[in-house]
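Written below as structure tokens is the structure these notes are about.
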Amino acid sequence: MDINETLKLIQVSAWAVGLRLLGAVAIWIIGRWVIRLLIGLISKALSHNKFDATLARYTCSILQGVLTVFLAVGVIDYLGVPTTSFAALAAGAGLAIGAAWSGILGNFAAGVFMVLMRPFKVGDSVSGGGTEGRIKEIGLFITKFENAEGEETLVPNGKLFSGNITNHSTKLAAADGSEEVSVEFQVAFGFPHKKRSAKLTAALAKLDGVVADSVEIVIDRFTVWGPVLVAKLLCPAAQAIEIHSEITEAVHEAFGDMGFGDHPAPRVMYKDPKGSAEAGEEGEEGEEAEEDEEEEEEAEEGGGHEKE
């Protein structure tokens, strides 16, 4: 075979390979366009039938991923690459990626469980994962919270699902769909909380959006420092976070130092048993110190009697 025939063979092979590559690119582009069009139609159909927004987004995302994988396998097969070897390679890569991205996959799994179990939905007022606010978006890997100032906090689904979740929006008034908002605060023994409670009740009743005659201030429990009061009311669910902040400010204005004066506020964390334990330890240490002082005084008195 002379050099001319070799060059001609190379040219023909190059053209064939080039056309096959162009065909693969065209298949990929057209396939992606078809997938996007199909996902868009499915999304519109789900929205039209009032399907849950979060579940619809999950369904479309998973379906798009599956279709994209099938498209990629088809393109590789069109190029003449054996799909069996590719499958083995993909399985090995999957194991490596799974080990490296265990945390991310954990967030994904937690997101799937949250969609299935439905502890909350978009628009609910929720406390969890060290964050409190209204749920703005539930994603595959993260959940978006929005606070009263409009700031967004992204919480990994794994962290959110592994801890306690409090859905404040489950406290709904059957009549008008209002949401109950409550704030706890500690006051000292002897503090005139009844008079201040009346002042606070009048201030809260004037807040915009508060349901008439729904304001209530009650004693929830007692601690070693005094009663724990709870101020609660009903308001539209969309204003719950804003109203919560306004209640806190109103409590501070009406009750001031809560009767503790210049002394530091007691370290009672109502929602943190560890904090309560720490406070209890401090109380025990104080009692032991008082007992030591009493023993020293008795010893001094005894010494004085002996001298007499």
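Every number in this text was worked out from the coordinates using simple rules, so none of it is lab data. In this text the structure is predicted, and so the values were computed from the model without any measurement. Cβ: placed from backbone, ideal geometry, glycine included. Neighbour counts: every protein chain shown.
Assuming a viscosity of 0.890 mPa s and a temperature of 25 °C, what translational diffusion coefficient in µm² per second does Stokes-Einstein assign to segment 179-255, Rh being the Kirkwood radius over Cα pairs? Once the numbers are plugged in, D ends up at 196 µm²/s. For residue 132, the amide hydrogen comes within under 5 Å of no other amide hydrogen, counting only partners 5 or more places away or on other chains and with H modelled in the peptide plane. Once the Cβ-Cβ distance of residue 117 and residue 39 is raised to the sixth power relative to R0 = 35 Å, the FRET efficiency obtained is 0.90.
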